[in-house]
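The values are calculated or read from the model by the stated rules, or taken from the named source; none is laboratory data. In this text, all values refer to a predicted model and were calculated from it rather than measured experimentally. Virtual Cβ from ideal backbone geometry, glycine too; neighbours counted across all protein chains shown.
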């Protein structure tokens, strides 16, 4: 396992990284605080690990099972046009996956959410999606408890 360089703080070691929906001894699933992207999830390994290959094969499968459970819950509840999966870690080198429901009318579509803004978000659509977050929380919890 890799550690954070001396003097560098790790945001995911210091905090949860969002609203915790599920946690066990290996990972946690959170809803990120991304107001323009209701349902934006993160699956974060609890230990400070940088890369997928730092994990044992069974841990890799466990992590991806959780990513896929979040994606499935998002598709069921939010019915996005597409779900983006990303494990970047360039800014926060702590192994985590972004699970991002995408819609043709979101602010950056078809660009990545970190890309060039294409339009302003529609407050009404954001409110509609936000109203489904309790159902999403329940769906994620149910799917992860079955993993």
### Task
For residues that are over 19 Å from residue 71 (Cα atoms) and at pLDDT 95 or above, scanning just the stretch 92-110, find the one that is surrounded by the most Cβ atoms within 10 Å (Cβ to Cβ).
94
### Query
Looking at (1) in contact with a helix residue (DSSP H, G or I) (Cβ under 7 Å, 6 or more places away or on another chain); (2) surrounded by fewer than 20 Cβ atoms within 10 Å (Cβ to Cβ); (3) within 30 Å of residue 122 (Cβ to Cβ), which is the one condition that is false for residue 52?
(3)
### Message
Anything in the stretch 117-144 that is in contact with a helix residue (DSSP H, G or I) (Cβ under 8 Å, 6 or more places away or on another chain) and either crowded, with 16+ Cβ neighbours inside 10 Å or in a loop (DSSP other than H, G, I, E, B) (or both)? List them, or say none.
### Response
129, 132, 136, 139, 140, 143, 144
### Task
For the stretch 69-82, enumerate the residues that are buried (at least 18 other Cβ atoms within 10 Å of the Cβ) and in a strand (DSSP E or B).
none
### Task
Determine if the stretch 126-142 includes at least one residue that is modelled with pLDDT of 95 or more, over 15 Å from the mean Cα position of the chain (by Cα) and under 30 Å from residue 54 (Cβ atoms).
yes
#### Entry: Residue identified as on the phi > 0 side of the Ramachandran plot, at pLDDT 95 or above and part of a loop (DSSP other than H, G, I, E, B) among 39, 89
39
### Task
Select, from 85, 63, the only residue that is without any contact (Cβ under 8 Å) to a residue 40 or more places away in the chain and in contact with a helix residue (DSSP H, G or I) (Cβ under 7 Å, 6 or more places away or on another chain).
85
